[in-house]
Amino acid sequence: MMTVEQTLTDLVAIDSVSSRSNADLISYLEARCKTAGFITEQFPHVDQTDVIKINLVARTSPGPEIELALIGHTDTVPYDPAWTDARRLTEKDGRLFGRGACDTKAFIAAALTAVDSIDLTKLKKPLALVFTCDEEIGCLGAKRLAAARPFRVRYAIVGEPTSLQPMRAGKGYCLAEIVVRGREAHSAYPQLGASAIFRAARLIQHIEEIAEDLKSDRRDRFDPPYTTLNVGLINGGSAKNVIAGECRFTLEWRTIPGQSPDHVLSRVRTAVADLQTADPDFVCEIDAGRADDSFETHDESELVKFLEEDSAQAAGTVAFGTEAPSMIALGAEAVVLGPGDIRVAHRTGEFVPIDELNRCVSILHDAIERFCT
């Protein structure tokens, strides 16, 4: 039986950046699962860039019902070419470094190692390992599974770096591209034009006011305890001496549970309407490209209580997007948990502590025994 570190070494060595196909990693995972005694099924598709992407579901028994699913995403964010050891797992000071070592190949390695230590033929309830694609660019693989509904799940542990703290709730994640139109003119004669940048600035001021107002709707278990808004990208104009004819920016918001992903968008549209009242030529286009739901699993869930006890940590919440809402759409009570700290994910020098990696193996082993035997 391979150790968890050996398995993680293999996983990190396979390049699975989101822009590439994850077929090589899926082939590795499928071989491991078949050797362990799972029945496997691939769900392939071709993405918008004509690259083959695959979700893999490995089950202990046929049929649509799954008692416990362990979910790990196979893709990683890109890495700096100067990080020459990005795909070679290296150890230093009790930490394992490599792209994906934290987010989230460590969880996948722990899941594979946990099932290797269990006689799957003795399980009384169905277990599944679910390996998804394109989580890093919008949880797209999990959403495809949720839309296809190939199975139903009762309990789901979604792998993400949480330092092994069970997370029973998470904020939603939404994006919109906003384009504000103006009218170009020579900047020496501003009365002949209309600045799209000035118009966008007025709209952004309204968005900032919306953000402040939303702070009154609180869920104190979150940090911060309210829906947050951010304008992270903005671009406009063509030259320093030209009145800008267009300005575009990206609005991101993270919703608390109980608040619709459309709530912020509705308020932004109201702000646009107010601006159009004062400026009838105000033209604004809003393309809402992503609206991921928040999630919340009851604190009395058997899975929540079990993971709190086994990890010796109280359940918490996360402010970043996860695949938990997709698993909930498939019927699950979902909890996010995994080794490593999200604050070191996505950066050069990403790592997972060795003790957390081994502890995760133990927790997942215990979860399988608790819910499937």
If you take every DSSP beta bridge whose two residues both sit in the chain, what share of them, in percent to the nearest 5, is antiparallel?
70
List the residues whose amide H sits under 5 Å from the amide H of residue 61, counting only those 5 or more places along or on another chain, with H placed 1.01 Å from N in the peptide plane.
39, 127
Over the alpha-carbon set of the range 272-317, work out the extent along each principal axis and list the three values in angstrom, largest first.
61, 19, 15
Counting only protein heavy atoms and leaving out ligands, DNA and RNA, the solvent-accessible surface of residue 246 at a 1.4 Å probe, in Å² to the nearest 10, equals 60
Gain in length, residue 19 to residue 45, computed as 0.36 nm per residue apart minus the alpha-carbon separation, to one decimal in nm?
8.0 nm
Please determine, in degrees from 0 to 90 and to the nearest 10, the orientation of helix 196-214 with respect to the longest principal axis defined by the Cα atoms of the chain, where the helix direction is its Cα long axis.
50
Residue-wise HN-Hα coupling along the range 285-297, computed from phi with Karplus coefficients 6.51, -1.76, 1.60 (Hz; x: Gly, Pro):
10, 10, 10, 7, x, 8, 8, 8, 5, 6, 8, 7, 9
Which far-off residues, 5 or more places away or on another chain, put their amide H under 5 Å from the one on residue 183, with H placed in the peptide plane?
194, 195, 196
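Given Cα pairs under 8 Å that are at least 6 residues apart, what percent is the relative contact order of the range 74-210?
18
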Please tell me which of these pairs span more than 29 angstrom C-alpha to C-alpha: 53/92; 105/171; 34/105; 34/143; 124/305?
53/92
Where does the charge balance sit around residue 330 when Lys and Arg score +1, Asp and Glu -1, over other residues with C-beta under 14 Å from its C-beta?
+1
Extended-chain gain in nm, criterion 0.36 nm per residue less alpha-carbon gap, residue 34 and residue 148
38.7 nm
So for the chain, averaging the separation of alpha carbon pairs under 8 Å that are six or more residues apart and normalising by length, what relative contact order in percent results?
25
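For a test of the definition: using alpha carbon positions, the gyration tensor, and the 1.5 limit on a/c, classify the range 45-135 as rounded, prolate or oblate.
Oblate is the answer for the range 45-135, as a/c is 1.5 or above yet b/c matches or exceeds a/b.
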Eligible aspartates and glutamates near residue 215 by straight Cα distance, threshold 15 Å, same-chain separation 8 or greater
223
With θ set to phi - 60°, apply the Karplus curve 6.51 cos²θ - 1.76 cosθ + 1.60 along the range 26-32 and write out the HN-Hα couplings as whole Hz, x wherever there is a Gly or Pro.
5, 4, 4, 5, 5, 4, 4
The range 1-60 and the range 287-313 have their Cα centres apart by a whole-number Å value of 25
Once the Cα atoms of helix 105-116 and of the chain are each reduced to a long axis, what angle between those two axes, in degrees from 0 to 90 to the nearest 10, is obtained?
20
Estimated inter-spin distance, residue 270 and residue 299, nm [label 7 Å along Cα→Cβ]:
3.1
On a 0 to 90° scale, report how tilted helix 4-13 is relative to the longest principal axis of the chain, with both axes built from alpha carbons and the result rounded to the nearest 10.
40
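The values are calculated or read from the model by the stated rules, or taken from the named source; none is laboratory data. Worth saying up front: this structure is predicted, and the values here are computed from it rather than measured. We place every Cβ from the backbone using ideal geometry, glycine too, and count neighbours over all the protein chains shown. The protein model used for the area step is the full one, side chains on, heavy atoms only, and it has no ligands, DNA or RNA in it. Shrake-Rupley method; radii C 1.70, N 1.55, O 1.52, S 1.80 Å.
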